[in-house]
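I am attaching a structure below and will ask some questions about it afterwards.
The values are calculated or read from the model by the stated rules, or taken from the named source; none is laboratory data. For clarity, every value in this text was computed on a predicted model and none was experimentally measured. We place every Cβ from the backbone using ideal geometry, glycine too, and count neighbours over all the protein chains shown.
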Amino acid sequence: MSTMKVTIQQALRDIEEQEQIHILYACESGSRAWGIASHNSDYDVRFLYVRPQSAYLRLDMPRDVIERPIVDDLDINGWDIFKALRLLRKSNPPLLEWLLSPIVYRENSPAIAELRSIAYRFNSPTVLYYHYSRMASRNYHEYIQREEVILKKYLYVLRPLIALLFLEQHNVLPPTSFLETLAQIELSPEIRPRIHELIARKQAGDELGKGTSDERLNTFIEEQLEKRYKQTYKPDTQEGLTGELEQVLEHILAEKPGDDITSVSKNTI
C-alpha cells in the first residue's frame, strides 16, 4: 500500500471519529480519476457518509457537508447521504462521476452498488448535456480564446466535450475516466493524436506551460460548442426515481456498521 493511500485511509478514519459518522463510500475525483494526473497533482478525495439515526431526528438538522482544509496535496471533503440522494435525483454530474470513479478508497455499504444502478438507469441526458456543454464553453472562453494559452487548460475544455460525444454516440452515462471515454468514441484522426499528446505530456509531469493556441483544436472545439448551442433537449421523465432512492435510504439507515473497515480499490494510486 502506498504512503499516500495510508494517509488517505487514516484521514477517513479520523473524520469518522471526529464527526461521529460512518463513511459509506470514498473515491478519487479530479485529474487522478480522469487519468490525466501528473506526479504532483493533488489527491481530490470525496466521500458519502451517514450519521446515527438520532442525528436526523432533531429540529436543527446537522450540516450536510464535511470539509477539511487542504493539507499538502490532500483535498478531502464529503456529503451527507441525504444531500447525496437529493442530488442524485437531479442527476448531479459531479456525484455521478464520484460513483463511477475508477479509484475507490472505501465501499462499506451494498447500497453504493444500488446507487450506481440508479445512476445508470435514471440519469438525465438533459442535465448532463447542459453541464458538460457549459463547462466546455466557460473554460474555452476563459482560458483558450486568446493568443497565448496555458496549454493544460485544453484538457479542461476537451474532457467535457468528449463526455458529450460519448453520450451522443452510446446513449449511456460516460465513464469518469477521460482516457476510457476517449478510447470509446469516434473522433477525427486529426484530433485524437493532438489530445493524446497533451495527455501524455501532462502525465509525464510537464505542466505544459504557456504557448500559442492550437488552431486545429480550436476549430474542433468551436464546431462542437456551436453544435450544442443550437441544440434543444427534451425534458427527461424520472418516474419511480424517488421511490427507489427512498428504498436505498431505508437500507442505509438500517445498516449496522461494524468495526472492521473494508477497503476496495479499483485502481492503484
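Restricting to segment 30-64, what's the tally of residues that are at pLDDT below 95 and among the aliphatic types (A, V, I, L, M)?
Result for segment 30-64: 6.
Looking at this structure, is Ser117 more than 17 Å from Thr242 (Cα to Cα), assigned by TED's automatic domain parsing to the domain that holds Asp14 and among the hydroxyl-bearing types (Ser, Thr, Tyr)? Write out each step before concluding.
Values: more than 17 Å from Thr242 (Cα to Cα): no; assigned by TED's automatic domain parsing to the domain that holds Asp14: yes; among the hydroxyl-bearing types (Ser, Thr, Tyr): yes.
Answer is no for this residue.
Here is a check on your reading of the model: is Val71 modelled with pLDDT of 95 or more, more than 17 Å from the chain's Cα centre (by Cα) and hydrophobic (A, V, I, L, M, F, W, C)?
For Val71, the condition - modelled with pLDDT of 95 or more, more than 17 Å from the chain's Cα centre (by Cα) and hydrophobic (A, V, I, L, M, F, W, C) - is not met.
Further question on the same structure: Can you give me the number of residues within segment 86-119 that are under 21 Å from Asp14 (Cα atoms) and assigned to a loop (DSSP other than H, G, I, E, B)?
Of the residues in that region, 3 qualify.
Results for (1) surrounded by 21 or more Cβ atoms within 10 Å (Cβ to Cβ); (2) in contact with a His (Cβ under 8 Å, 6 or more places away or on another chain); (3) of a type in the set (Gly, Ala, Ser); (4) within 30 Å of Leu182 (Cβ to Cβ), shown as yes or no for each residue.
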{"residue": "Gln20", "(1), (2), (3), (4)": "no, no, no, no"}
{"residue": "Ser38", "(1), (2), (3), (4)": "no, no, yes, yes"}
{"residue": "Tyr49", "(1), (2), (3), (4)": "yes, yes, no, no"}
{"residue": "Pro69", "(1), (2), (3), (4)": "no, no, no, no"}
{"residue": "Asn77", "(1), (2), (3), (4)": "no, no, no, yes"}
{"residue": "Lys83", "(1), (2), (3), (4)": "no, no, no, no"}
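Continuing with the same structure: Taking Thr242 and the conditions (1) more than 16 Å from the chain's Cα centre (by Cα); (2) touching a residue at least 40 places away in the same chain (Cβ under 8 Å); (3) closer than 26 Å to Glu28 by Cβ, which numbered condition does it fall short on, given that it satisfies the others?
(3)
Considering segment 141-152 alone, what residues qualify as being touching a helix residue (DSSP H, G or I) at 6+ places or on another chain (Cβ under 7 Å) and either at pLDDT 95 or above or surrounded by fewer than 16 Cβ atoms within 10 Å (Cβ to Cβ) (or both)?
Residue satisfying the conditions is Ile150 alone.
While we're on this one: Please work out if Leu208 is surrounded by 11 or more Cβ atoms within 10 Å (Cβ to Cβ), at pLDDT below 85 and farther than 30 Å from Ile23 by Cβ. If you could, list the steps in order and put the result at the bottom.
Details: surrounded by 11 or more Cβ atoms within 10 Å (Cβ to Cβ): yes; at pLDDT below 85: yes; farther than 30 Å from Ile23 by Cβ: yes.
In short, yes.
Also, quick follow-up: Is there a residue being within 17 Å of Pro175 (Cα to Cα) and under 14 Å from the mean Cα position of the chain (by Cα) anywhere in segment 78-88?
Yes, segment 78-88 contains at least one residue that is within 17 Å of Pro175 (Cα to Cα) and under 14 Å from the mean Cα position of the chain (by Cα).
I would also like to ask the following. For segment 111-138, how many residues are closer than 14 Å to Tyr25 by Cβ and at pLDDT below 95?
Final tally of qualifying residues: 0.
Would you mind stating whether Ala136 is surrounded by 20 or more Cβ atoms within 10 Å (Cβ to Cβ), without any contact (Cβ under 8 Å) to a residue 40 or more places away in the chain, of a type in the set (Gly, Ala, Ser) and closer than 18 Å to Trp34 by Cα?
No: the conditions fail for Ala136.
Still on this structure, I have one more. Given (1) in a loop (DSSP other than H, G, I, E, B); (2) under 20 Å from Glu255 (Cα atoms), where does Lys83 come up short, assuming only one miss?
(1)
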